[in-house]
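Chemist: Please see the structure below; I have some questions.
The values are calculated or read from the model by the stated rules, or taken from the named source; none is laboratory data. Keep in mind the model is a prediction, meaning the values are calculated, not measured. Because the Cβ atoms are built from the backbone with ideal geometry, glycine has one as well, and the counts that use them run over all protein chains shown. All accessible areas refer to the heavy atoms of the entire protein, side chains included, with ligands and DNA or RNA removed. Shrake-Rupley method; radii C 1.70, N 1.55, O 1.52, S 1.80 Å.
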Amino acid sequence: MKACEGHMGRVFVIRLEDGDVIPGCIERFAEENGVSVGHVILVGGIRDGEVVVGPRRSEERPPQPMLLPIDGAHEVVGVGVLAPSEDGKPLLHIHAALGRSGQTMSGCLRFGVATWIVGEVILYEILGVDVARVRDEQSGFLLLEPGAKPGCRFDC
Amino acid sequence: MKACEGHMGRVFVIRLEDGDVIPGCIERFAEENGVSVGHVILVGGIRDGEVVVGPRRSEERPPQPMLLPIDGAHEVVGVGVLAPSEDGKPLLHIHAALGRSGQTMSGCLRFGVATWIVGEVILYEILGVDVARVRDEQSGFLLLEPGAKPGCRFDC
Amino acid sequence: MKACEGHMGRVFVIRLEDGDVIPGCIERFAEENGVSVGHVILVGGIRDGEVVVGPRRSEERPPQPMLLPIDGAHEVVGVGVLAPSEDGKPLLHIHAALGRSGQTMSGCLRFGVATWIVGEVILYEILGVDVARVRDEQSGFLLLEPGAKPGCRFDC
């Protein structure tokens with residue numbers, strides 16, 4: 001467990017429009033508005049794309065992601081963490097539950113999903129923290145890394 | 001994509017009691033306390049009501065909602081966006097995943113669901129934004145519309 | 001419905017590491033950092049433990065929880081409310097949707113689940129509220145109880 005202390009910054013209320021691709025459109029918005037670290041919530045519709053629904057084998061390293069397609073419009077509720085990747089650009093790690101007809105598929109939206117009619121997003125900016133996504137060799141993941149600036153702690 | 005910038009206001013910690021109907025009881029609380037725009041999270045139990053589990057046909061306009069009943073007490077995790085509708089009253093668009101016995105139904109709670117024993121809600125007030133829900137003729141939805149006041153941007 | 005008004009405090013960005021047990025590790029972090037009341041979001045992987053997937057019989061008091069095991073690594077999206085229990089220690093009530101292979105199990109993580117590779121957590125501190133978890137005799141639950149301090153209201 002590693003952690004970093006900061007405080008709340010700006011709050012953006014965003015409407016995604018039909019066809020807007022998540023997480024790319026939110027990452028671009030964050031970059032254009034100078035939001036480096038943040039928290040995102042998503043409420044709306046999703047109609048296309050693929051979802052990472054876990055690793056094929058839980059113990060394998062690096063894990064091989066399982067991808068499932070989204071067929072038909074789904075109701076979505078999602079939560080994500082925004083932090084800069086190694087090139088300094090904000091990268092959004094967002095997981096969501098996608099429901100249709102009483103079934104639910106949950107997973108990571110990192111390969112892109114398309115907004116169906118509307119997506120309501122709130123983006124909270126978090127200031128005063130020094131975190132980045134750093135590639136982990138064993139897992140291949142870009143792991144969130146609380147940094148060494150004042151106000152940050154390691155190995156809580 | 002349309003967006004609006006604001007900042008954090010008050011934070012309300014709320015306990016819903018058995019039978020309290022969501023989203024109505026949260027909307028009334030917001031109105032009574034002068035919360036116009038906000039973000040809601042919901043953690044608790046749900047025992048009754050209906051959930052919108054997607055449109056029957058994804059391409060049809062306006063889409064016809066599919067409704068499924070909630071049978072038995074479900075564990076709920078939900079996230080919503082509060083914004084004033086055309087009459088100025090706060091309207092909560094809340095999506096949730098509802099689990100029971102290892103199955104999950106996800107969707108929109110707009111037709112009302114009843115609290116089972118307890119619902120824990122946090123309501124964040126967002127200040128300085130000019131957003132409203134405006135009826136969209138094609139979809140029939142009340143779409144979140146970031147407005148034209150200073151601090152708001154269109155078509156990001 | 002009972003409620004209490006407060007305001008935003010510190011924001012912690014936390015990375016859980018493989019094997020970290022939720023909610024215990026977050027509760028300990030909160031206690032060590034003097035966070036009494038808060039809101040938690042969780043995005044990441046879960047590989048072990050048990051989930052409460054509802055009461056066996058919805059009308060029985062106290063309800064008997066149904067528990068299901070987590071088999072294999074799951075994608076998780078979770079939301080929780082932190083408040084002090086009767087001994088003054090912060091207790092996290094967190095619900096989550098756990099997805100694997102297109103299926104989703106949703107429920108309460110109170111009996112403990114283990115992080116798979118990484119869990120990204122944001123912990124928001126909420127200040128100025130007087131809430132506690134108080135045992136309810138009928139349900140056996142530790143119900144969130146907004147208190148009587150100034151700024152708090154009962155029976156909204």
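Chemist: Can you pick out the pairs among A:Lys2/C:Lys89; C:Lys2/C:Lys89; A:Lys2/C:Lys2 whose Cα atoms lie more than 26 Å from each other?
Modeler: Values: A:Lys2/C:Lys89 21 Å; C:Lys2/C:Lys89 22 Å; A:Lys2/C:Lys2 35 Å.
From A:Lys2/C:Lys89; C:Lys2/C:Lys89; A:Lys2/C:Lys2, over 26 Å: A:Lys2/C:Lys2.
Chemist: Then there's this: Taking amide H positions as placed 1.01 Å from N in the peptide plane, with prolines and chain starts having none, which residues 5 or more places from B:Gly102, or on another chain, fall under 5 Å of its amide H?
Modeler: C:Ser106
Chemist: Any idea what the A:Glu31 label distances to the other copies are, label 7 Å down the Cα→Cβ vector, nm, shortest first?
Modeler: Label-point separations across copies, in nm and ascending: 4.4, 4.4.
Chemist: Averaged across the residues of B:107-114, what count of C-beta atoms belonging to other chains lies within 10 Å of each residue's C-beta? Could you put the intermediate results ahead of the total?
Modeler: Numbers: counts 10, 7, 0, 0, 0, 0, 0, 0.
Mean partner-chain Cβ count within 10 Å for B:107-114: 2.
Chemist: Rounded to the nearest Å, what's the spacing between the alpha carbon centres of region C:46-123 and region A:1-45? Just the number, please.
Modeler: 25 Å
Chemist: Enter the mean number of other protein chain beta carbons within 10 Å of the beta carbon of each residue in A:58-64, as an integer.
Modeler: Numbers: counts 10, 4, 1, 1, 1, 4, 0.
Shielding by partners across A:58-64 averages 3.
Chemist: Considering only the label points, 7 Å along Cα→Cβ from Cα, what distances in nm to one decimal separate A:Arg61 from the same position in each other copy, shortest first?
Modeler: Result, one decimal in nm: 5.1, 5.1.
Chemist: Counting only heavy atoms of protein chains, what accessible area per residue, in Å², does the protein assembly as shown have with a probe of 1.4 Å?
Modeler: Numbers: 16610 Å² over 468 residues.
Per-residue value: 35 Å².
Chemist: If I compute solvent accessible area with a 1.4 Å probe over the protein chains, what percent of it on chain A is carbon and sulfur? Can you show the working numbers first?
Modeler: Numbers: 2660 of 5540 Å².
After summing per-atom areas, the C and S share lands at 48 percent.
Chemist: What residues have an amide H closer than 5 Å to that of A:Ser85, excluding those fewer than 5 places away on the same chain, when H is modeled at 1.01 Å from N in the peptide plane?
Modeler: Here the answer is A:Leu91, A:Arg133, since their amide H atoms fall under 5 Å of that of A:Ser85.
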